[in-house]
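All of the numbers you see were taken from the coordinates with simple rules; none came from a lab. Predicted, not measured: the structure shown is a model, and the values here were computed from it. Glycine gets a Cβ as well: all are built from the backbone with ideal geometry, and neighbour counts include every protein chain shown.
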Amino acid sequence: MILDGTAGITYPVATATGSATQASAGRVLQVVSTTLTTGFSASVNNSFSAVTGLTAIITPSSASSKVMITITMTVGSDTNYLNAKLTKGGTAISGAIATAAGNRSLGTSAAWPVASYGTYDMTLSYLDSPATTSATTYGVQIGNNSTATLCVNQSQSDDNVAGRTRGTSTITVMEIAA
């Protein structure tokens, strides 16, 4: 098997008389990535806030293409839980949100930072079917069902002392041939 970003996956034949078979479905057609290096903080009260600067815009070449969204974030909070939701055009992607269960806060991914001075890793991923050839913006919202200060790329306290950390967050979207 040969993996080539421009040609897809080629499967060699078992005999010398045949020809190789090109598998075009599943081929990565384009990749767009944005890395946020600055800190972001939002005060929420039973709400979600879009993370400014952590978006990626992709224009699918075919309406039948899929888009794989992957976000890795460094997060922090005031020792309260944090949910993150993938968004498309600024609206949460319903298929990427957990199923409702009582009073639980729902998201694509969640974290519960145990200290206001700590930072924690969070990953979100989803395979979307945008059914368009128009420019599509993907992003992320953070929030919860109570009052909290939620952060990206920094701890909630963000003290300027040794032992406090900052990180980066990246969103990558890939168009996948159907």
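Structure data summary
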quantity: Total formal charge among the other residues, if their Cβ is under 13 angstrom from that of residue 61, Lys/Arg +1 and Asp/Glu -1; calculated: +1
quantity: Residue-span extension gain [residue 100 to residue 123] - 0.36 nm each, minus C-alpha spacing; calculated: 6.2 nm
quantity: Within a Gaussian network of the chain (alpha carbon springs, distance under 10 Å), most fluctuating of 102, 143, 53; calculated: 102
quantity: For q = 0.17, 0.21, 0.24 Å⁻¹, Debye-computed log10 I/I(0) when each Cα of the range 34-73 counts as one equal scatterer; calculated: -0.66, -0.83, -0.94
quantity: Kirkwood hydrodynamic radius over Cα pairs of the chain, then Stokes diffusion coefficient at 37 °C and 0.692 mPa s, in µm²/s; calculated: 184
quantity: Residue exposure sequence - 174, 73, 122, 68 - by fewest surrounding Cβ within 10 Å; calculated: 68, 174, 122, 73
quantity: Of 41, 109, 129, the one that fluctuates the most in a GNM where the chain has Cα springs shorter than 10 Å; calculated: 129
quantity: Cα centre as origin, Lys/Arg/Asp/Glu Cβ charges: the range 26-176 dipole, Debye; calculated: 260
quantity: The range 77-178 pair-distance distribution - Cα-Cα, 10 Å bins, rounded %; calculated: 14, 41, 29, 13, 3
quantity: Neighbour-count order for 161, 32, fewest beta carbons within 10 angstrom listed first; calculated: 161, 32
quantity: Within the range 81-127, trypsin sites (Lys or Arg not before Pro) in DSSP loop having at most 16 other beta-carbon neighbours inside 10 Å; calculated: 104
quantity: Label-point separation in nm, residue 37 to residue 64, each point 7 Å along Cα→Cβ; calculated: 4.1
quantity: Distance (nanometres) between label positions extended 7 Å along Cα→Cβ at residue 134 and residue 91; calculated: 1.1
quantity: Distance (nanometres) between label positions extended 7 Å along Cα→Cβ at residue 52 and residue 146; calculated: 2.7
